[in-house]
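Just below is one structure, and these are the notes that go with it.
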Amino acid sequence: MTKAHPDPIHVVGGGLAGAEAAWQIAGMGVPVILHEMRPEVATFAHKTEALAELVCSNSFRSDDDEQNAVGLLHWEMRAAGGLIMSTADRHSLPAGSALAIDREPFSAEVTATLAAHPLVTIERGEIAGLPPAEWSSVIIATGPLTSPALADAIRQLTDESALAFFDAIAPIIHFESINLSKAWFQSRYDKGETEADRTAYLNCPMDRAEYEAFIDALLAAETTEFKDWERDTPYFEGCLPIEVMAERGRETLRHGPMKPVGLTNPHAPERKPYAVVQLRRDNALGTLYNIVGFQTKMKYGAQTDVFRLIPGLETAAFARLGGIHRNTFLNSPRLLDGQMRLRADPRLRFAGQVTGVEGYVESAAMGLLAGRLAAAERLGREVAPPPETTATGALLRHITGGADAKTFQPMNVNFGLFPPLDDVRGGRRGRRDRYKGYTDRAKADFGAWLAPAPVAAE
Ligand SMILES: Cc1cc2nc3c(=O)[nH]c(=O)nc-3n(C[C@H](O)[C@H](O)[C@H](O)COP(=O)(O)OP(=O)(O)OC[C@H]3O[C@@H](n4cnc5c(N)ncnc54)[C@H](O)[C@@H]3O)c2cc1C
């Protein structure tokens with residue numbers, strides 16, 4: 001006896017990632033059961049029972065697919081027939097080059113479209129533990145506010161340190177914007193087995209006057225408040241915001257993340273720095289560096305002003321700014337394979353913000369990809385993920401191996417995640433050509449990746 005359809009894939013979480021994953025799976029002719037806990041169980045941020053609710057801003061950011069990495073991600077999702085993008089386009093609001101969305105009709109239409117699809121079943125209710133063993137293919141897309149019962153079960157399956165509940169995000173800087181006539185490569189006390197280990201950090205020196213000015217700016221900077229529910233979550237002593245450290249004493253940072261020991265400045269070997277800011281390589285490509293120990297609650301505008309006071313970072317371009325937020329996410333570089341499956345239990349895939357991407361669009365993109373990979377596997381036609389020259393592939397590569405597992409923090413899509421282009425001028429002046437080069441290459445490669453994909457069937 002042959003079955004009309006393969007067994008269903010279960011998607012847990014009907015947010016941006018889960019809704020897109022369900023759409024892609026059904027589009028490939030595989031039945032899908034989408035489990036959403038709202039309205040039975042609420043989160044502090046969602047206000048409705050609609051699928052794909054936008055919990056905060058109504059912006060999908062830049063829609064420029066030639067000069068902007070998130071705009072390129074829009075392009076790729078449209079090319080892949082994404083439900084989130086096509087619905088967003090129908091409910092867009094005027095916002096210059098950004099894509100802003102009329103949130104209620106958007107979510108209502110995503111919900112109605114999925115509910116009307118003959119291969120989609122929507123079940124309301126919390127999955128309050130690991131999915132039952134008889135669900136042979138599952139995508140977990142429960143987002144930054146994954147319910148505690150499911151989060152606990154995932155933590156037991158992985159280990160204590162594999163699931164974070166806060167981002168303590170240090171700012172990340174594009175390497176090309178760092179002034180190497182002031183900064184230098186060196187690990188403290190030249191520690192390390194290999195030359196790469198011994199030069200794993202970039203160091204920015206400060207003299208006393210520069211340090212005092214930096215502390216003054218830090219103490220004067222405007223900060224964002226912790227929300228009540230954030231205050232109650234224990235996390236603090238291990239990752240204090242730098243401005244809180246500075247409030248505890250003007251010398252605290254100099255004895256903490258900014259200690260000047262074990263380092264010699266080759267640009268001025270005779271002068272001992274009073275303090276040193278260290279940056280650590282943030283991706284395998286070496287295009288991004290994070291400022292070590294610099295998690296902060298400073299407002300974004302204040303951060304750029306304060307961090308550009310650091311010698312060597314005067315013209316820093318930020319891939320992301322620092323922050324501290326409630327956010328449940330996996331240590332994906334350690335836990336997930338290149339097909340987004342949990343190494344410890346490969347019937348479970350993860351998608352969306354819980355994988356350590358950041359943002360509505362990135363979350364939906366990872367849902368799109370997980371849905372396609374799961375459906376292809378179910379149909380016995382396993383496909384390779386898109387190449388890392390595409391925005392979708394670059395994000396996937398970052399979360400499943402490109403990022404350093406030890407310092408992994410959620411990431412927006414940005415051109416720093418893309419393999420460099422050989423034949424395009426570097427530096428600020430070459431930027432427009434370089435970004436155009438990235439997006440042209442990505443579109444060609446994404447088109448080629450889509451070409452052999454299974455044709456939609458209903
Ligand atoms: C407070 C807050 C504000 C944010 N603001 C922005 C912003 O302005 N712009 C931006 O780009 N990004 C923002 N983000 C980050 C992120 O883009 C969004 O959280 C985005 O919604 C993530 O998509 P997702 O599909 O991964 O998760 P979600 O959209 O949160 O979807 C997850 C779904 O899973 C459900 N769920 C959870 N646990 C279970 C369970 N055990 N069983 C069944 N269902 C479950 C939830 O109810 C939810 O519907 C914000 C995040 C937070 C927490």
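The values are calculated or read from the model by the stated rules, or taken from the named source; none is laboratory data. What you see is a predicted model, and the numbers here were worked out from it, not measured in a lab. Every residue, glycine among them, receives a Cβ derived from its backbone with ideal geometry; neighbour counts consider all protein chains shown.
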Here are the criteria: (1) touching a residue at least 24 places away in the same chain (Cβ under 8 Å); (2) polar (S, T, N, Q); (3) part of a helix (DSSP H, G or I); (4) within 16 Å of the ligand (Cβ to nearest atom). Tell me which single one GLN156 does not satisfy.
(1)
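Right, TRP23: touching a His at 6+ places or on another chain (Cβ under 9 Å), surrounded by 18 or more Cβ atoms within 10 Å (Cβ to Cβ) and aromatic (Phe, Trp, Tyr) or not? Don't jump to the end; show me each part of the working.
On the way: touching a His at 6+ places or on another chain (Cβ under 9 Å): yes; surrounded by 18 or more Cβ atoms within 10 Å (Cβ to Cβ): yes; aromatic (Phe, Trp, Tyr): yes.
Taking the combined requirement at face value, the residue satisfies it.
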Among the residues of region 1-16, write down those that are crowded, with 24+ Cβ neighbours inside 10 Å and either more than 24 Å from the chain's Cα centre (by Cα) or under 12 Å from VAL110 (Cβ atoms) (or both).
ILE9, GLY14, GLY15, LEU16
Count of region 28-45 residues which are more than 6 Å from the ligand (Cβ to nearest atom), closer than 23 Å to ILE101 by Cβ and buried (at least 24 other Cβ atoms within 10 Å of the Cβ)
1
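Residues of region 365-384 being of a type in the set (A, V, I, L, M) and either assigned by TED's automatic domain parsing to the domain that holds GLY286 or in a helix (DSSP H, G or I) (or both), which ones? First the steps, then the outcome.
Here is the first cut: in region 365-384, the residues of a type in the set (A, V, I, L, M) are 365-366, 368-370, 373-376, 379, 383-384.
Residues satisfying the conditions are ALA365, MET366, LEU368, LEU369, ALA370, LEU373, ALA374, ALA375, ALA376.
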With near the ligand (Cβ under 10 Å from one of its atoms), of a type in the set (D, E, K, R) and modelled with pLDDT of 95 or more as the only criterion, which of GLU76, GLU49 stands out?
GLU49
When region 302-324 is examined, which residues are found to be more than 22 Å from ALA69 (Cβ to Cβ) and modelled with pLDDT under 95?
ILE324
Those residues that are surrounded by fewer than 21 Cβ atoms within 10 Å (Cβ to Cβ) and part of a helix (DSSP H, G or I), I need them from region 307-341; list them, please.
PRO333, ARG334
Quick one: is ALA88 over 19 Å from the mean Cα position of the chain (by Cα) and assigned to a helix (DSSP H, G or I)?
yes
Out of ALA220, ALA209, ALA183, I need the residue that is in contact (Cβ under 8 Å) with a residue 60 or more places away in the chain and either within 30 Å of the chain's Cα centre (by Cα) or under 30 Å from GLU270 (Cβ atoms) (or both). Which one?
ALA183
Count, please, the residues in region 96-136 that happen to be hydroxyl-bearing (Ser, Thr, Tyr) and part of a loop (DSSP other than H, G, I, E, B).
2
Give region 114-146 a look and list any residue that's buried (at least 18 other Cβ atoms within 10 Å of the Cβ) and of a type in the set (Ser, Thr, Tyr), or say none.
SER137, THR142, THR146
Hey, GLY81 more than 10 Å from the ligand (Cβ to nearest atom), outside any helix (DSSP H, G or I), closer than 26 Å to PHE446 by Cβ and among the small types (Gly, Ala, Ser) or not
yes
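So in region 371-395, with the set limited to residues that are surrounded by fewer than 18 Cβ atoms within 10 Å (Cβ to Cβ) and on the phi < 0 side of the Ramachandran plot, which one is nearest to the chain's Cα centre (by Cα)?
The qualifying residue nearest to the chain's Cα centre (by Cα) is ALA384.
Going by the conditions given, is PHE408 under 17 Å from ILE173 (Cα atoms), of a type in the set (Phe, Trp, Tyr) and touching a Phe, Trp or Tyr at 6+ places or on another chain (Cβ under 8 Å)?
Values: under 17 Å from ILE173 (Cα atoms): yes; of a type in the set (Phe, Trp, Tyr): yes; touching a Phe, Trp or Tyr at 6+ places or on another chain (Cβ under 8 Å): no.
The answer is no for PHE408.
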Which pairs turn up if I take residues in region 404-415 that are within 21 Å of ALA200 (Cα to Cα) and look for partners that are polar (S, T, N, Q) with beta carbon separation below 6 Å, at least 6 apart in sequence or on another chain?
ALA405/ASN331; PHE408/ASN331
Looking only at region 385-413, count how many residues are modelled with pLDDT under 95 and in a loop (DSSP other than H, G, I, E, B).
5
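Looking at GLU362, is it within 10 Å of the ligand (Cβ to nearest atom) and either part of a loop (DSSP other than H, G, I, E, B) or at pLDDT 95 or above (or both)?
The answer is yes for GLU362.
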